[in-house]
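J.: Submitted below is the structure of interest, expressed as structure tokens.
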Amino acid sequence: MNRVLALLLVALLSSAGAVEAPALKAGVFSPPHPAPEFRLAGSDGTPLTLARFHGKVVALAFGYSHCADVCPVTLATLAQARRQLGAQAGDFQVVYVTVDPERDNAAQLKTWLGAFDASFVGGTGSAQALDTVDRLYGISVKRMESANGALFGHSSSVYLIDRAGRLRAMMPYGHVAEDYAHDVRLLMQQ
Amino acid sequence: MRVARRSAAVLVLALLAVLAWATLAPIHVATRDEPFEIPKGTWARRMAGNKVEILPQTIRLTLGVHDVLLLRNLDDVPQVFGPTVIMPGQSFRLPFEVASIYGFACTAHASGQMNVVVDPHPAPGWERLRWRAGHWQEESWWSKEEA
């Protein structure tokens, strides 16, 4: 009798979707593969690799410190998401790779990222090194000249990497901090 | 004469019932995925100089109906597909929750840009009727193509 009741309960929970894994707000890669590794100069004075952050959930963004529109919004959103994580914030790392090697040296990135959150780490290097990272992640970068210096049109999505270093998801530009916090919490539990 | 009049009345009532259903009934679909696939051998064909276009410049989705972009790489090499790199045998499933126009940088397109237009869920009434009419037209076009 108890067995019948247990089976009925499982069937009920299954039909109600209660045993389904909650979905991420971001786009999901299936099956997940290891996030492509790279080695750049870190804004914190330590070489920047993804391996450094194994055990944490990483948000990997691309941009440049002279970006006037997309990057400030993305970084402010990520900083807000980190605050929403509360006690779990220490297990969340934002990594920001520049697309502008001429102006974004490690010191410039440190100042720029520090304005959003002191824990954010930036990566820079030679044009060739950054181009390699861009290609690994399918990042599109288009340089345009303006009276105020170079402008870059660049991919604005943010990659989410789990604690095991696997590339799990990609959040398109425009998502709010709550969506990031939601997905980071889910990835932390896995 | 009376039989003909009764038949006409029944026909009109039936048409009104169908119209009411098409205007008000909720939309049910088997899947909300809008799939696109890179077939096996695509990279080899590109290397041979063939122009292979898989993703259109603009993809149109509808909230609550087809609002999940599903990209699959069935080829043997990693490929830039839409907004990201997808590994061989891997899929990328991107859900949309807000009606808007989304622009993605995409090196696979000559313009460097791919757009996803997400339309709102068809509201009961004229919007839903128009959506169903378009859907039926699309389905009958596909069935003709397949035949």
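What follows draws every value from the coordinates through simple rules; no lab data is involved. Everything quoted here is computed from the prediction, not taken from an experiment. Reconstructed Cβ throughout: ideal geometry from the backbone, glycine too, with neighbour counts over all protein chains shown.
J.: Skipping prolines and chain starts, which residues have an amide H placed within reach, meaning under 5 Å, of the one on A:G138, given they are 5 or more residues away or on another chain?
T.: Amide H to amide H, under 5 Å and 5 or more residues apart or across chains, A:G138 pairs with nothing.
J.: Under the rule of at least 5 residues apart or a separate chain, name every residue whose amide H is placed under 5 Å from the amide H of A:G122.
T.: Distant-sequence amide H within range of A:G122: A:S43, A:D44, A:Y96.
J.: Apply the Karplus curve 6.51 cos²θ - 1.76 cosθ + 1.60, θ = phi - 60°, to the phi angles in the stretch B:78-94 and return the couplings in whole Hz, x for Gly and Pro.
T.: x, 9, 6, 10, x, x, 8, 9, 10, 6, x, x, 9, 10, 10, 10, 10
J.: May I pose another question? Going by amide H atoms built from the backbone, whose H comes under 5 Å of the H on B:Q90, apart from near neighbours?
T.: Placed amide hydrogens put B:N73 under 5 Å from B:Q90.
J.: Where does helix B:126-146 land angle-wise versus the long Cα axis of chain B, in degrees 0 to 90, nearest 10?
T.: For B:126-146 against chain B, the angle is about 60 degrees.
J.: May I pose another question? Give me the inter-chain shielding for B:82-95: mean count of other chain Cβ atoms within 10 Å, whole number please. Could you put the intermediate results ahead of the total?
T.: Working: counts 2, 10, 11, 10, 3, 7, 1, 3, 6, 4, 6, 8, 8, 6.
Per residue, the number of nearby Cβ atoms from other chains is 6 on average.
J.: Next question, about the same structure. Which pairs, out of A:K142/B:K51; A:K56/A:K110; A:K56/B:K51, put more than 30 Å between their alpha-carbon atoms?
T.: Working: A:K142/B:K51 23 Å; A:K56/A:K110 21 Å; A:K56/B:K51 42 Å.
Distance filter (> 30 Å) returns A:K56/B:K51.
J.: Angle, helix A:177-189 long axis vs. longest principal axis of chain A, Cα atoms, 0 to 90°, nearest 10?
T.: Around 60 degrees separate the two axes.
J.: Let me ask another. For helix A:70-84, report the angle its Cα long axis makes with the longest principal axis of the Cα atoms of chain A; keep it between 0 and 90° and round to the nearest 10°.
T.: 40
J.: Using θ = phi - 60° and the Karplus relation 6.51 cos²θ - 1.76 cosθ + 1.60, list the HN-Hα couplings for the stretch A:50-58 in order, rounded to whole Hz, with x at every Gly or Pro.
T.: Listing the rounded values in order: 6, 4, 4, 10, 4, x, 10, 8, 10 Hz.
J.: Counting only other chains, what is the mean number of Cβ atoms within 10 angstrom of the Cβ of each residue in peptide A:167-177?
T.: Details: counts 4, 0, 3, 6, 1, 8, 5, 4, 2, 1, 0.
Averaged over the peptide's residues, the number is 3.
J.: Follow-up question, since we're still on this one. Explain nothing, just compute: Karplus ³J(HN,Hα) = 6.51 cos²θ - 1.76 cosθ + 1.60, θ = phi - 60°, for every residue of the stretch B:116-122 in order, whole Hz, x for Gly and Pro.
T.: 10, 9, 10, 7, x, 4, x
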